[in-house]
Structure formats: C-alpha cells, structure tokens
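The values are calculated or read from the model by the stated rules, or taken from the named source; none is laboratory data. Only a predicted model underlies this, so the values are computations on that prediction, with no experimental measurement involved. Ideal geometry is used to build each Cβ from the backbone, glycine not excepted, and the neighbour counts take in all protein chains shown. Areas reflect the complete protein model, heavy atoms only, side chains present, ligands, DNA and RNA absent. Shrake-Rupley method; radii C 1.70, N 1.55, O 1.52, S 1.80 Å.
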Amino acid sequence: MKTKIVVASHNQGKVKEIKNLLRPFKFEIYAASDFDIKEPKETGKTFIDNSIIKARAVAKKTNFIALADDSGLCVNLLKGKPGIHSARWAGKYKDFDLAMRKIEKQLSKIPSNSKERYRAHFCCALTLCYPTGKIISFQGKIFGYLQFPPKGLNGFGYDPIFIPDGYKKTFGEMNFSFKEKISHRQVAFNKLKKYLIKL
C-alpha cells in the first residue's frame with residue numbers, strides 16, 4: 001500500500017514542482033485542493049513558521065501526511081521584503097506582474113551602486129507533518145540578483161526577474177526541469193529526502 005502525501009498548497013506551480021520532486025518515491029500524491037481545504041491564515045514570522053501552519057492544517061483535515069512549502073523572494077535593499085509576504089505583494093488576484101513592478105519601483109528610490117541594488121535570494125521552507133503531529137522542517141536558499149524588465153514565460157511568481165549566481169538566464173527563461181534541479185526548493189528538498197526514504 002502506497003504512502004499517501006498531501007501537498008499543502010493551492011499554488012498550482014508549487015504543487016507541480018513538489019509532485020515532480022516526490023515522483024521518485026512512488027508515493028500516492030494529492031493536493032490540498034483535492035480535499036477542498038481552505039488555506040489557513042499564515043500568521044508566522046518566518047518561512048518555516050508558515051510552512052508548519054499549512055502542513056499542520058492539512059494533516060489534521062485529511063489524516064494523511066502533509067508536505068507544505070512556504071517560499072518567497074528576499075531583496076537585500078528592501079530589508080528582506082517581500083519575504084514571507086511575497087504572495088501578498090501580488091494582491092488578491094495573484095498578479096505577480098504587479099508585484100514585480102512594485103519591487104522595481106521601490107528599488108529605484110534607494111540610492112546604491114548597481115551591483116548591490118539588485119542582490120536578492122529565494123528561500124524555501126518545507127515542512128512534513130504527520131497525522132500524529134510529528135513535524136520535520138528544512139530550509140533552502142539560492143542567491144542571485146534581480147533584473148528588469150521581467151524575462152521568460154516559464155516558472156511562476158517572481159521567476160522572470162531572478163537570475164541565480166553563476167547563470168545568465170532568469171528562472172523564467174530556464175527550462176522547467178533544469179530550474180527544478182538548482183532551485184531553492186530543490187536545496188530544501190535534498191535535506192528532506194533522507195527522511196522521505198524512510199516512509
């Protein structure tokens with residue numbers, strides 16, 4: 001009998017990435033939307049806090065193991081913003097074009113040399129929550145810089161403005177499977193992997 005895992009997210013881009021990461025483990029994978037579960041209020045102060053809130057809510061509702069992701073873009077000159085509020089900057093309708101313009105506008109008001117102005121990193125926290133209440137969390141980061149205007153139609157969220165260190169293309173321009181291999185989500189997942197093998 002396959003172990004059932006519910007991806008505790010309503011973001012279809014994230015669900016797709018996480019399902020792909022889980023594929024080698026042959027789990028029976030569902031999304032929170034399959035159970036018509038409403039998103040809980042993310043009241044945490046860190047990415048890990050919010051991933052725990054989401055995983056715990058889904059594990060409690062389904063009585064299955066839940067895997068939650070909380071991730072976002074942290075811009076150095078904006079003191080880490082949008083950070084845990086990355087989705088909120090996109091507004092009610094998840095308009096990330098609006099969110100990216102907001103970042104560009106705020107950065108344009110801050111005097112700084114061009115190299116430092118655009119430094120940023122993506123952060124991802126993954127939390128596995130068992131129906132028993134047991135919780136395991138890991139965090140991954142990838143550093144790079146921002147570029148405007150946005151480029152690329154692949155990926156989702158802020159991918160079209162983020163170029164990871166050592167590369168010349170934005171996440172939005174990269175092939176999806178390649179981006180997955182180097183992303184902040186992959187870094188966090190690599191840390192979680194040894195626990196998943198035991199399931």
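For segment 22-37, check the following and say yes or no: at least one residue is acidic (D, E), open to solvent by 50 Å² or more (accessible area, probe 1.4 Å) and closer than 28 Å to K194 by Cα. Write out each step before concluding.
Narrowing segment 22-37 to residues acidic (D, E): 28, 34, 36.
In the following step, the residues that additionally are open to solvent by 50 Å² or more (accessible area, probe 1.4 Å) were identified as 28, 34, 36.
Filter once more, so that each one left must be closer than 28 Å to K194 by Cα: 28, 34.
There is at least one residue in segment 22-37 that is acidic (D, E), open to solvent by 50 Å² or more (accessible area, probe 1.4 Å) and closer than 28 Å to K194 by Cα.
Scanning segment 156-182 for residues that are at pLDDT 95 or above and among the basic types (K, R), which turns out farthest from D95 (Cα to Cα)?
My answer is K168.
Does P40 meet the test of being in contact with a strand residue (DSSP E or B) (Cβ under 9 Å, 6 or more places away or on another chain) and not β-branched (V, I, T)?
On the way: in contact with a strand residue (DSSP E or B) (Cβ under 9 Å, 6 or more places away or on another chain): no; not β-branched (V, I, T): yes.
Answer is no for this residue.
Tell me which residues, restricted to segment 3-47, are touching a helix residue (DSSP H, G or I) at 6+ places or on another chain (Cβ under 6 Å), in a strand (DSSP E or B) and in contact (Cβ under 8 Å) with a residue 60 or more places away in the chain.
V6, V7
Could you pull out every one of the strands (runs of 3 or more DSSP E) wholly within segment 80-189 that has 2 or more residues that are open to solvent by 60 Å² or more (accessible area, probe 1.4 Å), at negative phi and without any contact (Cβ under 8 Å) to a residue 60 or more places away in the chain?
Working: elements: 119-129, 135-146, 162-164.
The qualifying strands (runs of 3 or more DSSP E) are 135-146.
For segment 59-79, which residues satisfy the criterion of being within 19 Å of L128 (Cβ to Cβ) and open to solvent by less than 10 Å² (accessible area, probe 1.4 Å)? Let's see the steps before the verdict.
Step one: list which residues in segment 59-79 are within 19 Å of L128 (Cβ to Cβ), which gives 59-71.
Listed by number, the residues that qualify are A59, A66, L67, A68, D69, D70.
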